[in-house]
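Taking it in order: structure first as structure tokens, then the write-up.
The values are calculated or read from the model by the stated rules, or taken from the named source; none is laboratory data. Note that the coordinates shown come from a computational prediction; the quantities given were computed from them, not determined experimentally. Virtual Cβ from ideal backbone geometry, glycine too; neighbours counted across all protein chains shown.
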Amino acid sequence: MKLAHALLHALSDYGAREIFGIPGDFALPFFKEIEASNILPLYTLSHEPGVGFAADAAARFHTSLGVAAVTYGAGALNMVNAVATAYAEKSPLVVISGAPGAREGAMGLGLHHQVKHLDSQRLVYNEITSAQAVLDDPTRAPAEIARVLTAARETSRPVYIELPRDMVAAEADAVPAFQPTPEVPEAAAACAAEVMARLQRAEVPALLLGVELRRYGLEAKVEELARRLAIPTANTFMARGILAGADVPLIGTYLGLAGEEGVRSVIEGSDALLMLGVILCDTNFGTSQRQIDLRNAIHAFDRDVRFAHHVYGNVSLAALVDALLDVAEPLGRGAAPEPKAPARGLVADDAPITPDDVTRAVNDLFSREGRMPIASDMGDCLFTAMDMVLTELVAPGYYATMGSGVPMGLGLQAATGRRPLILVGDGAFQMTGWELGNCRRYGWTPIVLVFNNTAWGMLKAFQADTAYNDLDDWRFADIAAGLGGRGRRVTTRAELAEALAAAVADTSTFQLIEIMLPRDALSATLRRFTSAIKQKSVLKDG
């Protein structure tokens, strides 16, 4: 078969369900085969960062491979930031880049889109992917594809495949089926036994859930584990949407100094904190991990399980969870505060809107109409989401890039068929909001809430006395019709409530609600977050 078909069948067999991309000259032969073969559906967007973010969101929701296809140089290098986000946040994104053919590379001339050397692009991607392959030999290509796609599934991180355009139609064998790396059951069993012994000795054991559980499709098993252990359970900032709809009562989301006091006291006061799939980063730990004594923690992440002074290597999170389910028993210890009830009951009056009003309005909407999955950009819109009813959520919680919200929402709807709620600030919307113009072609109908405070609001929260964080008023609602959607600008709480009700009732196209906010209006969570950072800065300087 054609090498391109072997690659497309392998992507499907290894778990991919669609491809997002932008064509370019070095990728045109491959794109033609994508469309003609119809092995996987193709969605083209407008800018390569949006392609990467959309494919990343699809990977997160599928708990399987997302695919981004672009051209060489100007395309792939334009997507680096989105791929870096996927790498930092452990999302199995497959990057497929067209490339010059062998004869073109041997001409001795600099080729368009070439930076320094022909392999400069691959060297850049070496830093932000867990495996790479250049398919320049049809006889070796099937094994190389299998190696790289296996790495994507097992590391849950991006991988890079370069397909020279003169190799697309080359004859190649089928790609070998996925063969997972064998587990060592004895190691997982020994590790689980030690974990349970630590939890049984503890006076205040607790469970902290991280994003790897979602990446490896372990939520149902961890729900059962939490039920059996019967100890206080929380999720992290990055794993906010985990166990949405489960019957395990989470005490809340741990945000360190930026979070609720009851959740903090349980997690930071635990003498045996089992952290499953948690990325150790400042956003997950409320600007610092020092509030948690890692000597009392058990940390399962990246195929290692770390105790205070020793490590079980090459024990996957899936193997550990299975082994824990074999030995778990109710502990019934540890104070479990009642989770904070989501704020509801928006007062629909003529008062100006604050981010906390948006929280109430969305929670009221979810109570009436059912929960929607959320794609959030970085900034106060994401901190506002922390106080919304627990639902599925994708967001760049660690890497904290701007511009991901809208394309992630589009990728979410393409991947699931479900209508998403997109939360995005005006600064981030300026970057990638125009991807909404692709909704009409594919029948996507997201509800987009633009938090417009005419500023880079989160930066303004740290530097209130600056002018360079201020933005002009772009009147985004007026632009929606030209992009094929419907827009409405709201300035009062009554207008917000009315606009949300109208948006959810109209499923014919995307709905954009431009929410005008005072520049100094912050969500309660962001106020705590900025206060914690400022307090730490004062203590450090002092």
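Which ones in segment 98-117 are modelled with pLDDT under 75 and not small (G, A, S)? Reasoning before the result, please.
Quick first cut of segment 98-117, residues modelled with pLDDT under 75 only: 102-117.
Within segment 98-117, R103, E104, M107, L109, L111, H112, H113, Q114, V115, K116, H117 qualify.
Restrict the check to segment 169-185 and report whether at least one residue is assigned to a helix (DSSP H, G or I) and within 30 Å of S265 (Cα to Cα).
No, because not a single residue in segment 169-185 is assigned to a helix (DSSP H, G or I) and within 30 Å of S265 (Cα to Cα).
Determine which single condition A239 fails, assuming it passes every other condition in (1) touching a Leu at 6+ places or on another chain (Cβ under 8 Å); (2) aliphatic (A, V, I, L, M); (3) in contact (Cβ under 8 Å) with a residue 60 or more places away in the chain; (4) surrounded by 23 or more Cβ atoms within 10 Å (Cβ to Cβ).
Tallying (1) touching a Leu at 6+ places or on another chain (Cβ under 8 Å); (2) aliphatic (A, V, I, L, M); (3) in contact (Cβ under 8 Å) with a residue 60 or more places away in the chain; (4) surrounded by 23 or more Cβ atoms within 10 Å (Cβ to Cβ), A239 fails exactly one: (3).
Does A84 satisfy the criteria of being buried (at least 22 other Cβ atoms within 10 Å of the Cβ) and within 22 Å of A131 (Cβ to Cβ)? Quick ask: steps written out before the conclusion?
Working: buried (at least 22 other Cβ atoms within 10 Å of the Cβ): no; within 22 Å of A131 (Cβ to Cβ): yes.
The answer is no for A84.
For the subset of segment 497-520 comprising residues that are of a type in the set (G, A, S) and surrounded by 18 or more Cβ atoms within 10 Å (Cβ to Cβ), which member is nearest to D357 (Cα to Cα)? Walk me through it before giving the result.
Start the filter on segment 497-520 by keeping residues that are of a type in the set (G, A, S), which leaves 497, 499, 501-503, 505, 508.
Subset that is surrounded by 18 or more Cβ atoms within 10 Å (Cβ to Cβ): 497, 499, 503.
Numbers: A497: 10, A499: 14, A503: 17 Å.
Only one residue tops the list, namely A497.
Test of understanding: among P182, P176, P138, which residue is surrounded by fewer than 18 Cβ atoms within 10 Å (Cβ to Cβ) and modelled with pLDDT under 95? Please lay out each step first, then the result.
Working: P176 fails: modelled with pLDDT under 95; P138 fails: modelled with pLDDT under 95.
P182 is the lone residue from the list that is surrounded by fewer than 18 Cβ atoms within 10 Å (Cβ to Cβ) and modelled with pLDDT under 95.
Which residue out of N314, N296 is at pLDDT below 95 and under 14 Å from A192 (Cα atoms)? Talk me through it step by step, then tell me what you get.
Values: N296 fails: under 14 Å from A192 (Cα atoms).
So the residue among N314, N296 that is at pLDDT below 95 and under 14 Å from A192 (Cα atoms) is N314.
For A187, are the conditions met, namely being surrounded by 16 or more Cβ atoms within 10 Å (Cβ to Cβ), under 16 Å from V321 (Cα atoms), in contact with a Phe, Trp or Tyr (Cβ under 7 Å, 6 or more places away or on another chain) and of a type outside the set (D, E, K, R)? Full working, then the answer.
Working: surrounded by 16 or more Cβ atoms within 10 Å (Cβ to Cβ): yes; under 16 Å from V321 (Cα atoms): yes; in contact with a Phe, Trp or Tyr (Cβ under 7 Å, 6 or more places away or on another chain): yes; of a type outside the set (D, E, K, R): yes.
For A187, the condition - surrounded by 16 or more Cβ atoms within 10 Å (Cβ to Cβ), under 16 Å from V321 (Cα atoms), in contact with a Phe, Trp or Tyr (Cβ under 7 Å, 6 or more places away or on another chain) and of a type outside the set (D, E, K, R) - is met.
Do you know which residues across segment 70-90 are more than 12 Å from Y160 (Cβ to Cβ), of a type in the set (G, A, S) and either touching a Gly at 6+ places or on another chain (Cβ under 8 Å) or in a strand (DSSP E or B) (or both)?
Within segment 70-90, A74, G75, A82 meet the criteria.
Checking the conditions here, which among L255, L250, L273, L325 is under 18 Å from R201 (Cβ atoms) and touching a residue at least 60 places away in the same chain (Cβ under 8 Å)? Explain how you work it out, then say what you get.
Numbers: L255 fails: under 18 Å from R201 (Cβ atoms); L250 fails: under 18 Å from R201 (Cβ atoms); L325 fails: under 18 Å from R201 (Cβ atoms).
The conditions single out L273.
Results for (1) among the hydroxyl-bearing types (S, T, Y); (2) at pLDDT 95 or above; (3) touching a strand residue (DSSP E or B) at 6+ places or on another chain (Cβ under 6 Å); (4) assigned by TED's automatic domain parsing to the domain that holds T432, shown as yes or no for each residue.
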site: A464; (1), (2), (3), (4): no, no, no, yes
site: Y468; (1), (2), (3), (4): yes, no, no, yes
site: T491; (1), (2), (3), (4): yes, yes, yes, yes
site: L512; (1), (2), (3), (4): no, yes, yes, yes
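Looking only at segment 396-413, which residues are within 21 Å of V67 (Cβ to Cβ) and surrounded by 23 or more Cβ atoms within 10 Å (Cβ to Cβ)? Steps first, answer last, please.
Step one: list which residues in segment 396-413 are within 21 Å of V67 (Cβ to Cβ), which gives 396, 399, 401, 403-413.
Across segment 396-413, the qualifying residues are P396, G403, S404, G405, V406, P407, M408, G409, L410, G411, L412, Q413.
Surrounded by 24 or more Cβ atoms within 10 Å (Cβ to Cβ) and more than 23 Å from R528 (Cβ to Cβ): is that true of G417 in this structure?
Here the answer is no, as G417 does not meet what is asked.
Could you tell me which of the residues F31, F26, F53 is buried (at least 24 other Cβ atoms within 10 Å of the Cβ) and over 18 Å from P407 (Cα atoms)?
Details: F31 fails: buried (at least 24 other Cβ atoms within 10 Å of the Cβ); F53 fails: over 18 Å from P407 (Cα atoms).
Sole residue among the options that is buried (at least 24 other Cβ atoms within 10 Å of the Cβ) and over 18 Å from P407 (Cα atoms): F26.
Counting residues that are outside the structural domain of F451 (by TED's automatic domain parsing) and over 30 Å from Q413 (Cβ atoms), which strands (runs of 3 or more DSSP E) fully inside segment 274-387 reach at least 3?
Details: elements: 297-301, 304-306, 311-313, 374-376.
Here the list reads 297-301, 304-306, 311-313.
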